[in-house]
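Report on the structure given below.
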Amino acid sequence: MAYDTAEQLEAFRLETRKWLEANCPPSMRTPMPDDEIVWGGRNATFKNPESKLWLDRMGEKGWTSPQWPKEYGGGGLNREEARVLEQELRRIKARPPLFSFGLWMFGPALLEFGNHEQKLRFIPDILKGKIRWCQGYSEPGAGSDLAGLQTRCEDKGDHYLINGQKVWTSYADKADWIFCLVRTDTSTKHEGISFILFDMKSPGVEARPIQLISGESPFCETFFTDVKVPKDQLVGRVNGGWEIAKRLLQFERSSISAGGFGGTGGSGILGPDDYAKQHIGTDESGRLLDGDLRGRITDHKMYVKAFSLTVQRQTEQAKAGQAVGHTASILKYAAAKMNQDRHELLIEALGTEGLGWEGEGFDKNAKKVTRQWLRSKGNSIEGGTSEINLNVIAKRVLGLKDHQ
Amino acid sequence: MSFILTEDQEMLRETAMAFAQGELPISHLRALRDSGANGDDPASRKKLAELGFFGVIIPDEPGGETFGLTGLGQILEAQGRTLAATPLMQTALIAASALQLGGTPAQKAEWLPKIAAGEATFALALDESAHFSPYAVATEAERDGKGFTLNGLKKYVPDGHYADVFIVAARTFGEAGDRHGISLFLVPRGAKGVTVEALKTVDSHGAAHISFDDVHVTDAALLGPADEGADILDPVLDRAAIGMAAEMLGSAQAAFDMTLDYLNNRKQFGQLIGSFQSLQHRAAKMFVELEMTRSCVAAALDAADAGKPDLAELASLAKAKAGELVHMVSNDCVQMHGGIGMTDAAEPGFYMKRARVQEALYGSASWHRDRYAKLNGF
């Protein structure tokens, strides 16, 4: 639908506002505690029943991804309408109805590279949060050198047979399906990779959670032993998976950096300047007593502001057709540094209060900061290490040459 | 917030870039230096006037449209690329802003057309010590019945060695350090008691120490309200900091481009040095900082034009980020050029020398970080 006049767009706004007023449950307009985040899937649990209602209603309209095509269950909105929806959601402080690798990473790639049947089969369930996806990329021997992956995928005539191991598979133990990079040709590197989808309940799939230094287990080691996969579940062409993989990594880096790894750190956690004021104190003019820490917190706050202005600028430029290449690598690099600096400053400002692990005697939010500080160390590793992102910038953006 | 230039601003930017590259390249600054001109360049001023660059923030008629500070920022960025020594910062930005914000109708009518036509140059005589500290004004302006008598010494006044008129910050009340009690005065260069000591500066742009010994001015010389000159000075200095940030962005971009070019041509060990990962990563980090600073400068320029309430915060952000950027890039430009970078025949040294002057004027990065923290309540 094309909007010739501002009036028509205004009509859409009123209609949207009315719908949201009627359909967004009251508790979905309050800040979201971590344990009420909705990831969807076959085994989805809803601590707050209204979050299921909210997901179902938004999913039905395709507004979990407003700009995806209607024919696959998406919202079918144009950019202006999507912006209006976003503004209206923000106006009532609505929670995101669904967190999903399907929405952020796999869906956009499938819409670009999948065939019509695959889109019809998988996209609607992503939008409605019925299927939870995980990403089978990294392997024990293929991290930064992702194209060195070894998981074998053999053509057995009427099906594929998969054998191998993935690692750092986010929430593989909770996911229903996996989008996976596999080797279909061992004689070449990048040109021997394919992109394939399968059910995590298939015989031969096993996911074992990995405990991190932060004590959490968001990642798994995932093993595949003689996993049979129907042939219509390979996306794109055989040996053509690397192109899809790279594109998907861009979606991943964008979605990671768009939020700056969560930026403000979730409910209840204050900024490093607040904790420093609280635990160190200020002089009569309001300056932090620790001048050195004050300078470093200022540096960080300026970086945060510069980062958010850069995201805004790049978004505006992209809309005006002045796109800068490989912004995802630039933002991913900066976002990782930013979030790690933030957490180092947070625990420094908290002092020993930021060095608790569990039990009584420490503030609940301070303990959360401690865990997040440890978790943040992965920010410069996951989704392309900072070093790999610098390589991408140097070579693809700046045009520097490889060693001869 | 708008990060996209209007068509007119885009054209202005292109004109300014072409003019800087064509007429005011670094070889021009070198020639000015070698001839002893000390940044005083009447021939180039004439060309800038013909292009209309002095009047980009001055409307043809009161309340009329201009290119805005965003437009002027494009010109300053262009002159930053080639380190051009021009009076645009002091005259087209600072004086034009101060007069528009605080001038009487008579002052505006007298000076704004002359500024726009490039017929008068100005210099803000503010600092009295070696560090930027705008309220630390000790220069006295004593009421003498027929106006004011000024006594004091101003240090390192940019363009002070050739400007026709000085905007002098002097104290009419209170003590050095007080915001209240500062007044601004327009003092012609030729006024009795004004002594200009021209300075040879490291960046070859020149500057001057200016002393005022019993300099008498009439009430008509007062620019803005008596005692509350800071109400004019503060927004003018914010705009100056933003303009300088735009200039620094241009300098950093040019020094970076030059470095990248060298990395792509210089060979050692049979390899292009730009193929070594340690240098690639440093170049990539510089590029990330350039992108971030460009966003800050654009946002600050826009805030000035839109009259946003967070102007001071964005001015400090832009000046601090651009200062850190040009510091890092100018140093790495010398380092990555190796021995060549240490020679006077090459250009990296020019960028490093100018960078330190840019960093110091209108508040160093650490001055602006301190203010940013204060504005953020810690």
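A straight chain from B:A220 to B:D178 at 0.36 nm per residue would run longer than the Cα-Cα distance by 12.7 nm.
In chain B, helices alone account for a calculated mean residue ellipticity at 222 nm of -16000 deg cm²/dmol, with every DSSP H run of four or more residues adding -39,500 (n - 2.57). Annotation for region B:1-56 versus region B:192-246: alpha-carbon center distance of 23 Å. Between the residues B:V217, B:G193, B:L233, the greatest Cα displacement towards the positive end of the dipole of region B:162-286, with unit charges on the Cβ of Lys, Arg, Asp and Glu, is found for B:L233. Using only Cα atoms, locate the centre of region A:206-232 and the centre of region A:139-200, then give the distance between them in Å, rounded to an integer. Using only Cα atoms, the two centres lie 12 Å from each other. Using the Cβ-Cβ distance between B:A106 and B:E50 with R0 = 25 Å, the FRET efficiency computed as 1/(1 + (r/R0)^6) comes to roughly 0.35.
So what's Rg/Rh here for chain A, counting alpha carbon atoms and using the Kirkwood radius for Rh?
Checking Rg against Rh, the ratio lands at 0.98.
Ranking A:G359, A:I388, A:I347 by how far each Cα lies toward the positive end of the dipole of region A:259-397 (charges on Cβ) leaves A:I388 at the top. Taking label points 7 Å from Cα along the Cα-to-Cβ direction, A:E216 and A:S144 give a separation of 2.5 nm.
Charged side chains reduced to their Cβ positions (Lys and Arg at +1, Asp and Glu at -1) give region B:7-120 a dipole of some 440 debye around its Cα centre. The length gained by stretching the chain between A:H116 and A:E10 to full extension, at 0.36 nm per residue less their Cα-Cα distance, is 34.8 nm. Each Lys and Arg adds +1 at its Cβ and each Asp and Glu adds -1 at its Cβ; summed about the Cα centre, region A:259-397 shows a dipole of about 740 debye. Annotation for region B:290-340 versus region A:294-372: alpha-carbon center distance of 20 Å.
When each of the peptides B:283-294, B:241-252, A:60-71 is scored by the mean number of other C-beta atoms lying within 10 Å of its residues, the order from highest to lowest reads B:241-252, B:283-294, A:60-71. Placing a pseudo-label 7 Å from each Cα along the Cα-to-Cβ vector at A:R90 and B:D164 gives an inter-label distance of 4.8 nm. Give me the distance in nm between label points sitting 7 Å out from Cα along the Cα-to-Cβ direction at A:S308 and A:L355, one decimal. Each label point lies 7 Å from its Cα, and together they span 3.2 nm. Scanning chain B for DSSP H helices at least 24 Å long along the axis (C-alpha atoms) with a Kyte-Doolittle mean no lower than -0.5 picks out B:230-263, B:277-306, B:311-336. Placing unit charges on the Cβ atoms only, positive for Lys and Arg and negative for Asp and Glu, gives the protein assembly as shown a dipole magnitude near 2140 debye about its Cα centre.
FRET efficiency for the pair A:F99 and A:H279, taken as 1/(1 + (r/R0)^6) with r the Cβ-Cβ distance and R0 = 25 Å, rounds to 0.15. For the pairs A:K156/A:K228; A:K201/A:K246; B:K108/B:K155; A:K337/B:K321; A:K156/A:K231, note any where the Cα-Cα span goes beyond 18 Å. Listed pairs above 18 Å: A:K201/A:K246; B:K108/B:K155.
With the helix formula -39500 (n - 2.57) applied to DSSP H stretches of n ≥ 4, chain A reaches a computed 222 nm mean residue ellipticity of -13000 deg cm²/dmol. Which residues among region B:1-32 fall inside the zone where the amide N is under 20 Å from a point 7 Å beyond the Cα of A:E80, along Cα→Cβ? Hits in region B:1-32 for A:E80 at 20 Å: B:1-4.
On the basis of the beta-carbon distance and an R0 of 41 Å, A:W19 and B:D344 show a calculated FRET efficiency of 0.05. Of the residues A:T64, A:P97, A:C134, the one whose Cα sits farthest toward the positive end of the charge dipole of region A:1-149, with +1 on the Cβ of Lys and Arg and -1 on the Cβ of Asp and Glu, is A:P97.
Bear in mind these aren't lab numbers, they're just calculated from the coordinates by the rules spelled out. Keep in mind that this is a model prediction, so the values were computed, not measured. Neighbour counts are summed over all protein chains in view; Cβ atoms, including those assigned to glycine, are modelled from backbone coordinates with ideal geometry.
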